[in-house]
Amino acid sequence: MKRFVKLWIASFLLLASLSLSSWAADHGSANEAKAMVQKALDAMKKNGIDATITEINKRDGQYMDRDLYVVVYDMNGKNLAHLNPKMVGKEMIDLTDVDGKFFIRERIELVKAKGKAWQDYKFVNPVSKQIEPKSMYVEKFENVIVGCGIYK
């Protein structure tokens with residue numbers, strides 16, 4: 001009986017580790033999100049803000065990886081770049097998450113105060129298509145906010 005229990009526990013732990021590996025492979029990390037923001041910022045410094053926004057909006061994969069994607073907003077809450085083309089060009093200052101949080105307003109205030117920050121809110125995961133808790137890393141560059149988030 002002890003042998004059976006040990007075998008069952010070992011099997012469970014193996015399956016759990018495989019599930020976590022699969023989950024990790026499908027989800028971006030905080031370090032990867034920050035690296036994607038840095039990649040976009042480097043491109044903006046080299047090629048200009050407008051040219052980089054054009055590249056981000058091409059959706060060719062350069063600024064997307066699994067559930068990670070770069071977004072760009074102006075300092076008034078207008079979306080300039082997003083995975084969802086329906087959001088691009090829209091004024092989002094009054095957008096709230098499912099809990100009623102004005103997360104674009106908060107994002108603007110965070111970068112005004114700190115220049116860069118992590119922000120928590122809820123948003124639709126492009127992989128699962130479900131509303132999930134999200135943490136977005138944002139940095140201010142000149143007159144725009146560049147961000148990339150992870151789903152928790």
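Observations on the structure shown:
- Subset tally (residues that are surrounded by fewer than 15 Cβ atoms within 10 Å (Cβ to Cβ) and outside any helix (DSSP H, G or I)) for region 94-117: 6
- Residue count for region 126-139, restricted to those that are surrounded by 19 or more Cβ atoms within 10 Å (Cβ to Cβ) and either touching a residue at least 40 places away in the same chain (Cβ under 8 Å) or not charged (D, E, K, R) (or both): 4
- Flag if Gln38 is closer than 22 Å to Gly89 by Cα and surrounded by fewer than 18 Cβ atoms within 10 Å (Cβ to Cβ): no
- If you go through region 1-53 and keep only what is at pLDDT below 95, assigned to a helix (DSSP H, G or I) and under 26 Å from Val71 (Cβ atoms), you end up with Trp23, Ala24, Ala25, Asp26.
The values are calculated or read from the model by the stated rules, or taken from the named source; none is laboratory data. In this text the structure is predicted, and so the values were computed from the model without any measurement. Virtual Cβ from ideal backbone geometry, glycine too; neighbours counted across all protein chains shown.
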